[in-house]
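Below is one structure, written out as structure tokens; comments come after it.
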Amino acid sequence: MAERKVVAIVQARMGSSRLPGKVLADLGGRPVLEWVLRRAGRAASIQQVMVATTINPEDDAVARFCKEAGYDCFRGSAFDVLDRYYRAAGAAGADVIVRLTGDCPLIDPGLLDAAVETFLAAEPPLDFAANRMPGDRTVPIGLDTEICTRAALERAWAEAQQPHEREHVMPHFYEHPHDFNILHMRHEPDYGHYRWTVDTPEDLELLRQVVAHFDDDTFSWMDVLELFEQQPELAELNAGVQHRGQTHVDERHG
């Protein structure tokens, strides 16, 4: 069987309602988005990393950053993110898509490799796999990884009708588990109570303190876990932030 091309597609836009411009916010001297791209790019199992942003004028800044930093960028629908992903996957010639988001700068290449290798080796073949499902997470928020085949993505793109299915890309898989071969990759022990994403000012402050602790950006998620166990007060910085679920729809259609 020919090797399948694995492409990580990172969705990123400037129009966050809780922290506008967060994907290009400074984190340890470089944009949040660059952390995601650099760290995902270290995963040996991923052949290409691409940003999927919108055609909105405000996201010219994201496209400009990608061009200047040498990253592939696809621009598509602001509201229909599933369509944006589907078209980005086609532009990249992807056989397998790894969905990441531009606000997760601690994404871990080792964790990505383990997930992709599990996906590719599965028999019978998988359509979709994720390391968290709605209401059932065992990895910190910010290490979320979802993987699907391009054929399965095309089916979801053709069938998904609800606004939240279009905006959040993958809910069609969660909500139609009998129509696809799905794997939920759980982690033991459970670290799902940690929040390592950037969606609010409190989140950004927390991650600035985390990255300041390390000499460069090659630390692993286990290194961050060790830091949190040594300094439990860190988790208090964003403990009050409410995580948004997959049925939340942005009223601004962004």
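Readers should treat all values here as calculations from the given coordinates under stated rules, not as data from a laboratory. Bear in mind that the values here come from a model prediction, so they are computed numbers and not experimental data. Here the Cβ positions follow ideal geometry from the backbone for every residue, glycine too, while neighbour counts run over all protein chains shown.
Summary table
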read-out: Dipole of the chain [Lys/Arg +1, Asp/Glu -1 at C-beta], most positive-end residue of Val241, Val98, Phe214; value: Val98
read-out: Per the chain, cysteines lacking a partner by the 4.7 Å Cβ criterion; value: Cys104, Cys148
read-out: Range in the chain, longest, excluding exposed GluC sites (Glu not before Pro) [loop by DSSP; at most 14 other beta-carbon atoms within 10 Å]; value: 4-250
read-out: FRET efficiency estimate (nearest 0.05) - Cβ-Cβ, Gln48 to Asp83, R0 22 angstrom; value: 0.65
read-out: Cα-centre dipole for segment 102-177 with unit charges at Cβ (Lys and Arg positive, Asp and Glu negative), debye to 20; value: 80
read-out: Charge dipole magnitude, Cβ of K and R +1, D and E -1 - segment 12-69, Cα centre, debye nearest 20; value: 240
read-out: Leu227 paired with Gln162, simple spin-label distance in nm, labels 7 Å along Cα-to-beta-carbon; value: 3.7
read-out: Segment 144-244: trypsin sites (Lys or Arg not before Pro) falling in loop per DSSP and having at most 13 other Cβ within 10 Å; value: Arg244
read-out: Gain on full stretching of the segment that runs from Glu3 to Thr218 - 0.36 nm per residue minus C-alpha separation; value: 74.6 nm
read-out: Mean-position separation - Cα centroids, segment 16-52 and segment 163-236, in angstrom; value: 14
